[in-house]
Amino acid sequence: MKAVLKAKPEKGFEIKDVEIPEIKDTEILVKIRATSICGTDVHIWEWDHWAQKRIHPPRIIGHEFCGEVVKIGSNVQGLKHGDLVSGETHINCGHCFQCKTGNAHICENVKLRGIDVDGCFAEYLSMPANTAWKNDPSIPIEVMSAQEPLGNAVHATFSGDITGKTIAIFGAGPIGLCATALCKAAGAEKIFNIDLNEYRLGLVDKMGSDVMLNPSKSNPVTEILAQTNGRGVDVALEMSGAPQALKDAFKVLRPGGRISILGVFSDEVSLDVTNGIVFKGAVIHGINGRIMFDTWYKAASFLKTGKVDLKKIITHKFKLDEYEKAFELMKTGNSGKIVLSP
């Protein structure tokens, strides 16, 4: 089969012919129908400091996908040939303290698809059956492949109350776009979106944003405080991984407000803890992936009811062997979700 992989410890990927993977008794083999590029994949492409510490080539990359079940292990139940499935990226051990206490998404022994084990940028994928999510066949294939960022957004957005609240979302990448649609669907009073990229601010407008702010053109802290009568927002969602965005998020958060942090930062970030957190009584939630599988059920509900339309954030489609074009486009920031098909 064709597969895109990090073949060597250097920038870029290669496409190669590799063996179709065998499956164990508890696994399934999936024929990939569509797969989406994540920001994490770009980190691996660039071979940045994080990737150098985490990835051990050769490794087939990619973790967002939809595929058809074509082979089933002897101990697998609940799935059949032809089912269209996506998959949870967090492959948990099932026996550690976190797994035993309902926190499998932060498993102590977690392995990540496309990072610690081979991923889905290929024609076939072998995967533990207990990480599979059976899709509603009415959902478009490309949308099925992009459910994971929606799940991240669901986890972050609904880690507290949203209805009737003012919200500031920092970062208008795919997860920020999904969060905007979720806040709108949940009845948020006013949604502020902050990003440096005008292309993505245009996309967030389509997802239901009320106020779009570009920090290169105006000070988001000043603008948000002015539009909330100096109080600040009830909820801040940090989805950019930019240090200044995190600092601004705490500045615009009202006393007693909630901030959910999903963005991943390359280095340590200094914060005014005394004024931004302690004296404000700020509630802080760290968000890691999706709650398995509670988040998936919620995300599926938003898709099936049409309250969130992921087709609006899918801006480009390429064939798998055009991955270089896709990644170069992704790096410009002038795209939403990019879907690849074998």
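Laboratory data are not the source of any read-out in this text; all were calculated from the coordinates shown. A quick note: this is a predicted structure, and the numbers were derived from the prediction, not measured. Backbone-built Cβ (ideal geometry, glycine too); neighbour counts: all protein chains shown.
Just a few scattered comments:
- Using the Cβ-Cβ distance between Leu271 and Asp321 with R0 = 35 Å, the FRET efficiency computed as 1/(1 + (r/R0)^6) comes to roughly 0.20.
- Global form of segment 158-228, assessed from the alpha-carbon gyration tensor, a/c cut-off 1.5: oblate
- Antiparallel bridges, percent of DSSP beta bridges restricted to the chain (to nearest 5): 50
- Rg [Å, one decimal], Dmax [Å, integer] - the chain, C-alpha atoms: 19.9, 62
- Kirkwood hydrodynamic radius of segment 207-249, Cα pairs, Å: 11.3
- Cβ-placed point charges (K, R +1; D, E -1), dipole of the chain about Cα centre in debye, nearest 20: 580
- Packing around the peptides 134-146, 27-39, taken as the average count of other Cβ atoms within 10 Å per residue, puts them in this order, highest first: 27-39, 134-146.
- log₁₀ of I(q)/I(0) at q = 0.09, 0.18, 0.22 Å⁻¹ - segment 152-286, Debye sum with one point per alpha carbon: -0.21, -0.91, -1.45
- Pairs of C-alpha atoms in segment 98-224 farther apart than 18 Å represent 64 percent of all such pairs.
- Karplus-derived 3J(HN,Hα), 6.51/-1.76/1.60, for each residue of segment 53-63, Hz, glycine and proline x: 7, 9, 8, 10, x, x, 8, 5, 9, x, 9
- Euclidean distance of C-alpha centroids, segment 255-284 and segment 1-46, integer Å: 36
- Packing rank of 8-15, 312-319, where each peptide gets the mean count of other beta carbons within 10 Å, highest leading: 312-319, 8-15
- Taken about its Cα centre, segment 26-158 carries a charge dipole of about 320 debye when Lys and Arg each add +1 at the Cβ and Asp and Glu each add -1 at the Cβ.
- Semi-axes of the equivalent ellipsoid for segment 111-168, Cα gyration tensor, largest first, Å: 29, 16, 11
- Helix-only CD estimate at 222 nm, as mean residue ellipticity for the chain, using -39500 (n - 2.57) per DSSP H run (n ≥ 4): -7500 deg cm²/dmol
- Of Thr26, Ile91, Ala172, farthest towards positive along the dipole that unit charges on Lys, Arg, Asp, Glu beta carbons give the chain: Ala172
- Listed by chain and number, the lysines placed with their C-alpha closer than 18 angstrom to that of Lys16 are Lys2, Lys6, Lys8, Lys31, Lys319, Lys325; residues fewer than eight positions away on the same chain are left out.
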